[in-house]
Every structure is written in structure tokens, then in C-alpha cells.
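Asker: My structure is below; once you've seen it, I'll send some questions.
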Amino acid sequence: MRIPWHNLSLALAAVALLSGCKTLPAIPLTTPKPLEVTLNMRLDVYQYRGDEPQDKEVVKTIAEATERQRNRMSEIQTIKDNRFIGEDHRGLLQLREVPAGDWGDYVKRTIDAENEDRMLLMRNQAKQTNKALHEVQSEQWKLRIDKAYKGEWIEVPGEKESTFKWVKAEGPKEKQKPDNKPATATPKPAAKTEQPKPEMKPVTPPKPE
């Protein structure tokens, strides 16, 4: 049996190629020392990028809430004058009567916006003064009912502990003076009366004898 020449040539070339190949060195898949990840730099960057913008944003938000409250003061007072709302013991406004129609929707939106700003400011005050939120709410409640105009609805402590009731304010309370004693006028010293001066008569010299 004769082998074709071109097939024989291919076989010889394959044998020569295999005999000339060398075994490749093994590639280590493990490292002699475990990998270490340093988190200090990442932590520093996170704290730096997180604190300052947040503080500035909080200050901006508080200022905006204060400005919004100032702009709606006349609206809140008008709603109070119509006896639709009152100051409750949480330092918030509470609807007591909802008017009908669009006016009622307007009152609801206005009160919701006011209460949202009040809560934002009270939470910030509690954080700044290191007080519980309910303590700040109680302080704000007492301040607001003391300034309520006559006839406005306010919530006051009830007969039993931890209860409250709605009453109409009697008017803004005056600040108590530190000394409750009645003021007395200091008596003025009696005016000095001048004694009449003796009358000085001219002395006539004696005549010579």
C-alpha cells in the first residue's frame, strides 16, 4: 500500500512540531499573602462628603420653613378668627370644623403645610437642645396658648391627669413680674423751710458831747 506523498509530509511535520514543544510552567493561582483592603480613606471621604452638605441643607431648610410660616401668618389668623382651628397640646393646629367647598380644601391645605413646618422646626429644636420631642412640643403649646387672642380655640389640661379639653381663650396672658408685691411710692423727704433772717437795723453812731 502506497501512502500519498503529501499525507506523509503532513505526518512528519506534526511529529516534528510535537517533539519541539516544551511544557509550560504552572501559573500560580494563589498569592503568597492575602489581599488587604484599607477602608480608612474611604471612610474619611464618606464623612467629609456627607456631613458638610447635610448641615448646610438643614440650615437652608429651617430658614425656608421659618419664611413660609411668616408668609402665612395672616392666613392662619383669619382661619382662627373663623373658629375653624385651634392650638392643641402637641404644638400643632387642629381642625375643629371644616368649611364646605373650595374654602374647606384651602383650609386643609394651609393647616397641613403649617403643621409640617412646625414639626420640622420642633424636631430641629429638640436636636439642638438635646431634648425629647414631646418636651419641645409641650413648650411650644404653652407659648402659643398664652398668646392666643380672646375667643380662639385652645387645648388646656383636663380635670384628670394626661387629659385635655377645648376651651376658648380669654386673651393673651401678661408676663408676671418677678416681684409680685404691690409697688409703693417712696415718700419724698419734707421740704426744708428756711428760718426768717433777723432784720438788721442800721446802727447810729452816738453824737459827741
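The values are calculated or read from the model by the stated rules, or taken from the named source; none is laboratory data. Bear in mind the structure is a predicted one, so any value in this text is a computation, not a measurement. Reconstructed Cβ throughout: ideal geometry from the backbone, glycine too, with neighbour counts over all protein chains shown.
Asker: Return the residues of region 113-150 that are under 26 Å from Arg83 (Cα atoms), outside any loop (DSSP other than H, G, I, E, B) and of a type in the set (D, E, K, R); say none if nothing qualifies.
Answerer: Answer for region 113-150, where residues must be under 26 Å from Arg83 (Cα atoms), outside any loop (DSSP other than H, G, I, E, B) and of a type in the set (D, E, K, R): Glu114, Glu116, Asp117, Arg118, Glu139, Lys142, Arg144, Asp146.
Asker: Here is a list of conditions, (1) more than 26 Å from the chain's Cα centre (by Cα); (2) acidic (Asp, Glu); (3) not in a helix (DSSP H, G or I), and Asp105 meets all of them except one; can you say which number that is?
Answerer: All conditions are met except number (3).
Asker: Filtering region 60-95 down to residues that are part of a loop (DSSP other than H, G, I, E, B) and of a type outside the set (Asp, Glu), which residue is surrounded by the most Cβ atoms within 10 Å (Cβ to Cβ)?
Answerer: Among them, the one singled out is Gly91.
Asker: Quick one: which residue in Ile27, Ile3, Ile79 is β-branched (Val, Ile, Thr) and modelled with pLDDT of 90 or more?
Answerer: The conditions single out Ile79.
Asker: Scan (1) touching an Asp or Glu at 6+ places or on another chain (Cβ under 7 Å); (2) at pLDDT below 55 for the single condition Glu36 breaks and write down its number.
Answerer: Every condition holds for Glu36 apart from (1).
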